[in-house]
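To start, the structure under review is shown below, and the notes come after it.
The values are calculated or read from the model by the stated rules, or taken from the named source; none is laboratory data. Since the structure is predicted, the reported quantities are computational estimates derived from the model, not experimental observations. Glycine also receives a Cβ, built like all others from the backbone with ideal geometry; neighbour counts cover every protein chain displayed.
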Amino acid sequence: MIPESRDARAGRLTLLVIRSIFIVLLVSVTLLTVSSTRTTTDFGFSTIIGLAIAATAGGILVVAIDALTPNKRLAGVVGVYLGVCLGLVGAVGFGALIDTVAKAWGIRESLEIYLTLSKSLVGLIFCYLSVSVVLTTKDDLRLVIPYVEFSRTRRGVRPWVVDTSVLIDGRLNALAGTGFIDAPLVVPQFVVDELQKLADSSDRTKRGKGRRGLELLARLRESAQADVSLQDFRVSGMSVDRMLIEAARSENMRLMTMDSNLEAVARIQGITALNLSDVAAAVKPALGPGDTLSIAITKRGENDRQGVGYLPDGTMVVVDEAHARVGTTLQVIVHNVVQTSAGRLLFAKIDSEPTATPESMAEAATHQPRDKRGNHDRRG
């Protein structure tokens, strides 16, 4: 298990302290305000307790709403603030108009409570309409500061946010060890949580993938050639793929994955995405007809006279007339290449004049004919 970062723990602790202080201050200000405007004979002990409970409940409600909406955006918060301000300005103007009309009509003081109630309701309506209009038009109008989309400015090469599939595959470790990756690698905390969930799974296959991913991530963080960091993004309540896209968009980063569907969705939404499988395919040796290679025959082919072997990258090689050579290594010549949905498929034939290799020379030396005395035949 990857331990939680120190910055994430400190941030949560600070937020908890701030919320606690907010509730204490809310209760204290409520009681002090009431006690300063009323005499002690106007309310009893039960009233004080009721006010304290009401203030505490209000503070807890506000904190709960804040905690249940962690995925806040600066543009949205500023938009709400602007809407409330516009609504209050409109309410003040409309309230002044009501006072002028009431004074001109000579409305009696007995109706003052209805005028105050009307101004309060109009103020709430104005605030609601202003906030609604601001939030629904902030993506279309970008003429004032609250409509501007704020994003973190990054210098140099943009970092890669790493998907779970990349960590499980393991080829990123070898690629980072070569020094080829010159950008920081960011692993979201929810990706680590997904690896831990897989490692704790009752399914043997999933458990193996999760443990492999955690081990490879630990090695990657210890590597001197890779700049790897864990980051706790404020995205929740959605799938891991969706959180990866949101994290890459909000932090202006690029996405590294081995999931072709996730790559396609990210590109549709304007996020730079890299499929590590495409990189591996790009650096494969471009074998073509006439090329010679050494292949170990591992099984028979679909045709009775064919043998099948595999290159180190997993490419299948079908060799003619190699059905009886299972378990041996042959020199073959490629005569056809077929591209399928699963990858490339090579067809080859046995080289009639194999090139001498250390393995073939050793095999030939151990199979020399012997004379009757048990010595090697030294003819000529």
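So here's what we get for this one:
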| quantity | calculated |
| --- | --- |
| Residues of region 200-227 satisfying the condition of being in contact (Cβ under 8 Å) with a residue 40 or more places away in the chain, among the aliphatic types (A, V, I, L, M) and over 12 Å from LEU167 (Cα atoms) | ALA226 |
| Where a residue in region 12-32 is in a helix (DSSP H, G or I) and its partner, wherever it lies, is among the hydroxyl-bearing types (Ser, Thr, Tyr), with Cβ under 6 Å and at least six apart | VAL27/THR56 |
| VAL84 vs. criteria at pLDDT below 75, touching a helix residue (DSSP H, G or I) at 6+ places or on another chain (Cβ under 6 Å) and either exposed (fewer than 13 other Cβ atoms within 10 Å of the Cβ) or closer than 29 Å to ILE125 by Cβ (or both) | no |
| Residue that is nearest to ILE181 (Cα to Cα), among those in region 247-287 that are modelled with pLDDT of 90 or more and basic (Lys, Arg) | ARG254 |
| Tabulated pairs, region 231-258, first among the hydroxyl-bearing types (Ser, Thr, Tyr), second modelled with pLDDT under 85 and not in a helix (DSSP H, G or I), C-beta under 7 angstrom, 6+ apart or interchain | SER236/PRO70; SER236/ASN71 |
| In region 187-201, the residues that are more than 15 Å from the chain's Cα centre (by Cα) and modelled with pLDDT under 90 | SER201 |
| Any hit, region 145-157, residues being over 15 Å from the mean Cα position of the chain (by Cα) and modelled with pLDDT of 65 or more | yes |
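Here's the yes/no breakdown for (1) among the aliphatic types (A, V, I, L, M); (2) at pLDDT 80 or above:
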residue: THR41; (1), (2): no, no
residue: SER46; (1), (2): no, no
residue: ALA57; (1), (2): yes, yes
residue: LEU61; (1), (2): yes, yes
residue: ASP66; (1), (2): no, no
residue: LEU74; (1), (2): yes, no
residue: GLY90; (1), (2): no, yes
residue: ILE98; (1), (2): yes, no
